[in-house]
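Reviewing the structure listed below.
The values are calculated or read from the model by the stated rules, or taken from the named source; none is laboratory data. All of these numbers come straight from a predicted model, not from anything done at the bench. Positions of Cβ are generated from backbone atoms using ideal geometry, with glycine treated the same way; all protein chains shown enter the neighbour counts.
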Amino acid sequence: MSLTPFAFRLSFLLPASFMRAIMRGGGSGSHTPCREGCTITILMNYHVVITGPSREAVFDQAARLLRIAGKDSAPVSIAAVLCTPAPLSGRDNWSVIVNADIAFSPTSMPPELPFFEHGPALEVEA
């Protein structure tokens, strides 16, 4: 897998149930072109790498992929790593929340999904 050093790169491991949905849709390999100039590479070990011209572009592409692949799954949090190219080069840990609407949070701490972990809050009428 050759990557340009000037691209943002988001990588994460898919839950097995998501990978089964992707395999039905075409399976592993490199999928390009995607929207906003991104490339998705899916490896057989559930590893996904999305490269693109900006952080927003790779997050948007990941959201589209996860919304389709995870549509029949329970809410889940997926750990991801974003590699930023020079001059700001670095690596940041992110959490991707799926099916509690998809969200990205810049932290290595796992997010809480209280609605799904503890049940819905009771509605109080005024």
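Does residue 50 fit the bill of being at pLDDT 90 or above, surrounded by 15 or more Cβ atoms within 10 Å (Cβ to Cβ) and of a type outside the set (D, E, K, R)? Before the answer, list the steps.
Values: at pLDDT 90 or above: yes; surrounded by 15 or more Cβ atoms within 10 Å (Cβ to Cβ): yes; of a type outside the set (D, E, K, R): yes.
When the stated conditions are applied, residue 50 passes them.
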Within the range 55-93, restricting to residues that are without any contact (Cβ under 8 Å) to a residue 60 or more places away in the chain and assigned to a strand (DSSP E or B), the one that is farthest from residue 10 (Cα to Cα) is 77
Residue hits (the range 33-54; of a type outside the set (Val, Ile, Thr) and part of a strand (DSSP E or B)) are 47, 52
Residue 125 fails exactly one of (1) farther than 25 Å from residue 41 by Cβ; (2) surrounded by 14 or more Cβ atoms within 10 Å (Cβ to Cβ); (3) at pLDDT below 70, namely (2)
